[in-house]
Amino acid sequence: MKPWLASGLLMSGSALLLRLHVTVKLRAIMELDSACSSEQLACHYKYRSISSLPSHLDSILRLYTYSVAMAGSVESFLKLCCLFCLVATSSGQLSPAFYSRTCPTLQTIVSLTMRTTVLLDPRMGASLLRLFFHDCFVNGCDASVLLDDTATFTGEKNAGPNANSLRGFDVIDTIKTAVELLCPGTVSCADILALAARDGVALLGGPSWTVALGRRDATTASQSAANSNLPGPGSSLSQLIAAFAAKGLNARDMTALSGAHTIGQARCVNFRSHIYNDANVDAGFASQRQRNCPSSGGDNNLAPLDVQTPNTFDNAYFRNLIAFRGLLHSDQELFNNGTQDALVQQYSTNAGAFAADFAAAMVRMGNISPLTGSSGEIRSACRRPWRFLWKASSNSAASSASWLLQGGSCRLRSTVGRAQLCRLS
Ligand code: HEM
């Protein structure tokens, strides 16, 4: 048998199996649908409870729609082949080329937005870097940190380390809006955050690195995990090492990544105890900081984490530590007669070594427990999980491949073949 004929038969067989699978799943949806027309959110979660339904729904619907629309032609086989390839490559490991065909302009959109943003507000480069760290350390780099509270979960934004502190959500929203216009339903918020963090560092003079892509977005968030997994500014060296080890990062990664404190600001509440109570602080530095951070009150008064060059990503942070001018107790722990002293010394005199280690550690941090393949989802707006309601089209003239997605205040979003996708507000 000719190879093209064999692959054609294989594909049409797969398409038939797929139709069968979709029919079974959609029948289950429609049975549930009659029971939950008013309480949309509850419906969504009921739908999610159907065995293996949500994970492949998007891909299955796209394939199914296309298979019906194109069945019978040679072209359909080729297109189906491409679609199967797309689905196949959408699972598994992260890859820098993940969106090269599906959203080739992604990195340009992120880069242009970040250039404008950092030009107007240099601190935003620091804030987005921290946002990425706080995402990755809480159940992996899955954009859970971006989610607002919902009826079913309390988000991470108001966890102790994040409340009144995290910045940059609006920048991610701006990028996401632009990306959705050009590549709807394709790029995860988690990947946008990873790219924005990288660009922020580079724009402030730091190293750049290749970001592997293909992360998907969490459908939920955990305030308790945010409270327990993120190290606090009062941490000891052993606590810092343990917190990073719990995420698969070693002490060298931890020290290199702490060099992120070469940019950005901290609030008085987070460094008060260090500048008033600790012995390992330069006296002149302590009194300089005390001027804007009283022993009580002024909790939100800001000070630069790097007293020398707060808007430049360089190795001055490590030179500060050697001069006992670290702002946080946890910063100074890295140079306090402990195991990281030698590395701090090295980074303080070798900016290149710090830049290379920081970039490599950022790649490792960005690989913490990503959702890939069919796990999670691609949000359409980064602050909210998708909430789907799928319903058979009432238009009998439409083919069985036509589906209408609807909800309480459904806003038409896009069309895939003859399927319409709406978003619940
Ligand atoms: C080693 C453990 C770490 C601790 C204890 C820690 C703690 C803190 C604290 C308390 C602040 C100030 C927040 C505020 O006052 O509102 C801060 C700011 C910051 N952190 Fe960390 N951090 C750590 C590691 C990291 C890592 C790994 C990164 C990134 C790779 C990072 C990036 C930043 C940045 C850029 C800022 C400034 C943010 C801004 O100006 O908006 N930190 N950190």
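The single condition among (1) within 16 Å of the ligand (Cβ to nearest atom); (2) within 9 Å of ALA221 (Cα to Cα); (3) assigned to a loop (DSSP other than H, G, I, E, B) that LYS157 does not satisfy is (2). For SER330, the conditions (1) of a type in the set (Ser, Thr, Tyr); (2) at pLDDT 50 or above; (3) assigned to a loop (DSSP other than H, G, I, E, B) all hold with the exception of (3).
Note on segment 119-152: residues that are part of a helix (DSSP H, G or I) and either modelled with pLDDT under 95 or away from the ligand (no atom under 12 Å from the Cβ) (or both) amount to 5. Within segment 269-306, being within 19 Å of SER235 (Cβ to Cβ) and within 8 Å of the ligand (Cβ to nearest atom) holds for VAL269, ASN270, PHE271, LEU305.
Yes/no matrix, rows are residues, columns are (1) in contact (Cβ under 8 Å) with a residue 40 or more places away in the chain; (2) touching a strand residue (DSSP E or B) at 6+ places or on another chain (Cβ under 9 Å); (3) not polar (S, T, N, Q):
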position	(1), (2), (3)
VAL145	yes, no, yes
ALA151	yes, no, yes
VAL187	yes, yes, yes
GLY200	yes, no, yes
GLY205	yes, no, yes
SER208	yes, no, no
ARG216	yes, yes, yes
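For segment 259-304, taking the residues that are touching a helix residue (DSSP H, G or I) at 6+ places or on another chain (Cβ under 6 Å) and in contact (Cβ under 8 Å) with a residue 60 or more places away in the chain, the one that is surrounded by the most Cβ atoms within 10 Å (Cβ to Cβ) is identified as ILE263. Report yes if some residue within segment 196-204 is outside any helix (DSSP H, G or I), within 16 Å of the ligand (Cβ to nearest atom), buried (at least 23 other Cβ atoms within 10 Å of the Cβ) and at pLDDT 95 or above; otherwise report no. For segment 196-204, residues outside any helix (DSSP H, G or I), within 16 Å of the ligand (Cβ to nearest atom), buried (at least 23 other Cβ atoms within 10 Å of the Cβ) and at pLDDT 95 or above: present. Within segment 212-239, if we keep just the residues that are among the hydrophobic types (A, V, I, L, M, F, W, C) and more than 14 Å from the ligand (Cβ to nearest atom), the residue that is surrounded by the fewest Cβ atoms within 10 Å (Cβ to Cβ) turns out to be ALA225.
For segment 243-258, name all the residues that are more than 8 Å from the ligand (Cβ to nearest atom) and within 23 Å of the chain's Cα centre (by Cα).
Step one: of segment 243-258, the residues more than 8 Å from the ligand (Cβ to nearest atom) are 245-253, 255-256.
If the condition is that a residue be more than 8 Å from the ligand (Cβ to nearest atom) and within 23 Å of the chain's Cα centre (by Cα), then ALA245, ALA246, LYS247, GLY248, LEU249, ASN250, ASP253, THR255, ALA256 are the ones that fit.
Can you pull out every residue in segment 358-388 that is surrounded by fewer than 21 Cβ atoms within 10 Å (Cβ to Cβ) and at pLDDT below 50? Matches in segment 358-388: none.
Determine, yes or no, whether ALA178 is more than 12 Å from the chain's Cα centre (by Cα), surrounded by fewer than 19 Cβ atoms within 10 Å (Cβ to Cβ) and within 16 Å of the ligand (Cβ to nearest atom). Against the criterion (more than 12 Å from the chain's Cα centre (by Cα), surrounded by fewer than 19 Cβ atoms within 10 Å (Cβ to Cβ) and within 16 Å of the ligand (Cβ to nearest atom)), ALA178 does not qualify.
Within this structure, ARG101 fails the test of being within 16 Å of the ligand (Cβ to nearest atom), of a type in the set (D, E, K, R), surrounded by fewer than 24 Cβ atoms within 10 Å (Cβ to Cβ) and at negative phi. Listed here are the helices (runs of 4 or more DSSP H) enclosed by segment 210-312 that have at least 2 residues being under 27 Å from ASP199 (Cα atoms): 223-229, 237-245, 251-258. In segment 313-327, of all residues being in a loop (DSSP other than H, G, I, E, B) and within 13 Å of the ligand (Cβ to nearest atom), the one that is surrounded by the most Cβ atoms within 10 Å (Cβ to Cβ) corresponds to GLY326.
The values are calculated or read from the model by the stated rules, or taken from the named source; none is laboratory data. Treat the numbers as computed from the prediction; the structure is a model and nothing was measured. Counting neighbours? That spans all protein chains shown, and the Cβs are built from the backbone with ideal geometry, glycine included.
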